[in-house]
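The structure appears right after this line, and notes come after that.
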Amino acid sequence: MKYHLIGDQGVSMRGLAKYLSHLGHTVSGSDLKTGGHSAANVPFGADVVVRTSAVSPGSPGWVEVDQAEKQGAKVIKRSKLIGQLTENKRLIAISGMHGKTTVTSMAGLVLEAAGFDPTVLVGDQVLDFNNDVIRIGQSDWFVLEACEYDRSFLDFHPEILILTNIEEEHLDTYPGGLPEIKKAFSTYLENVSPKGTIIACKDDDNVREVIEQSETKAKVIWYGNHTEYDKLDFQLSVPGVHNSLNALAVKALADCLGIDGKIVATALSKFQGAHRRFELLGNFQGADLIDDYGHHPTEIKATLAALKERYHDKKRIVVFWPHQYKRILPLLDEFAASFHDADLTILKPIFFVPGRDEELPVSSQDLVKKINDRGDRAKFIETDQEIAEFLTKELDKDSVLLTIGIPPVYKISEILLGGKND
């Protein structure tokens, strides 16, 4: 089969391309990062053209969808194809608004250590998988990060589902807010095999509500406070209460699969973390530079708690690059509260997402004011270079820097480290 992937530099698409090639298919692709989109990119004779959710009418990649249809090729969404590829696999899906990448990585490592030889498709690069987004195994076990964005997870039918949390997120595809999100998750639970298992976080009120109101026939195993899985008996190398909770989900999974606890402890105690998840980029003027992908108030609060845990005696400086007006405006108060553990928060202008966003009446300056009104300290600085110049005067051995957000806010650390990584 000949596959053409539109947006092939996206994280999940890179992993999918490798997997399709492994299966013996011919794979081509295009991306804005590598020459842009054009009808000429679609190879003659392509059988299937795969698009991401970001490729929609009006977006640059849609010209290739139109061309594919003219050529008679089948056009399919990425998640739909992954659903087909995993249809006859023993699928372990990890879902929820936060923690998916970490839990998927941890689960994959434990299954690998236990000899299950799984295929693992993650939402970002994983250091333990040679800094790749996929680990290809030879067994029927498939561990998948199953995202709720654009209801992609509805294309998957897991044997085992790990459900971490449910809250307001991706409001560009869930304009009805939390009720609409809960409804989508309720539908998703129906996809779990009646003979399967749901491993769910009992600490999350929305998770409990959705599961308790569902008609799922799957077995439910709870983890979190006041459950069988409420405490680790080994030490993680990655900090934060949220990561301990992630590991508890995987411990429950291991018990479900009959994996010895010693294997779990050995695998997870060495877990290095995924790309842009509390990742140490270097040291500048004595200050560690940490980067994280967190972009939602819950994620920011958890990451700052981990920063405080590891650097409790340091001045904690945070640079946040807000992402998407449709996320910032409805959660403005929650964002303001999430930076309480920072000694200083620097904000860049809100990142506008073409095709998925609209300019709403909110700005980073509004968030700065909200943070300062709470008694915390924040300031607005527009460019990376200006921020780097400011930080050069602020960072020393008694401080630590956290850059956080979906856009490439880590480039500020790259500016600082340019030849000064000591």
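Read the figures in this text as sums done on the coordinates, not as results from a lab. Remember, it's a predicted structure, so these values are computed and weren't measured experimentally. A quick note on method: Cβ atoms are made from the backbone with ideal geometry, for glycine too, and the neighbour counts reach across all protein chains shown.
A convex hull fitted to the Cα coordinates of the range 379-422 yields 86 cubic angstrom per residue.
Taking a temperature of 25 °C and a viscosity of 0.890 mPa s, what whole-number D in µm²/s does Stokes-Einstein yield for the range 1-158 with Rh from Kirkwood over alpha carbon pairs? For the chosen part, D equals 154 µm²/s. Return P(r) of the range 255-325 (all Cα-Cα pairs; 10 Å bins starting at 0; whole %; ordered from short to long distances). P(r) over the range 255-325, rounded to whole percents: 15, 39, 27, 15, 4. Based on every Cα atom in the range 105-180, Rg and the maximum pairwise Cα distance Dmax equal 14.6, 44 Å.
Distances between every pair of Cα atoms in the range 345-410, grouped in 5 Å steps from 0 to the bin holding the largest one, split as 3, 14, 22, 24, 21, 10, 4, 2, 0 percent. Extension gain, GLU228 to GLN138, is 29.1 nm, computed as 0.36 nm per intervening residue step minus the present C-alpha separation.
Modelled spin labels at HIS25 and ARG377, positioned 7 Å past Cα toward Cβ, are 5.4 nm from each other.
Only Cα sites of the range 188-332 enter the Debye sum here, all with the same form factor; the resulting log10 I(q)/I(0) across q = 0.10, 0.11 1/Å is -0.47, -0.56, listed in q order. In the elastic network of the chain, a GNM with C-alpha springs shorter than 10 Å, the most mobile of LEU391, LEU304, LEU245 is LEU391.
Enclosing the Cα atoms of the range 269-405 in their convex hull gives a volume equal to 116 cubic angstrom per residue. In a Debye calculation with equal point scatterers on the alpha-carbon sites of the range 16-56 and no solvent, what is log10 I(q)/I(0) at q = 0.15, 0.18, 0.22 Å⁻¹? The calculated log intensity ratios at q = 0.15, 0.18, 0.22 Å⁻¹ are -0.41, -0.59, -0.88.
Sorted from greatest to least, the principal axis extents spanned by the alpha carbons of the range 1-91 come out as 37, 25, 20 Å. Mean residue ellipticity at 222 nm, helices only, the chain: -10000 deg cm²/dmol; runs of at least 4 DSSP H residues each add -39,500 (n - 2.57), and the sum is divided by the number of residues. Diagonalising the gyration tensor over the Cα atoms of the range 139-196 and scaling each eigenvalue by 5 before taking the square root yields semi-axes of 23, 12, 9 Å, largest first. Computed over the chain, the Cα gyration tensor eigenvalues convert (square root of 5λ each) into semi-axes of 33, 28, 22 Å, ordered from largest to smallest. Enclosing the Cα atoms of the range 177-260 in their convex hull gives a volume equal to 110 cubic angstrom per residue.
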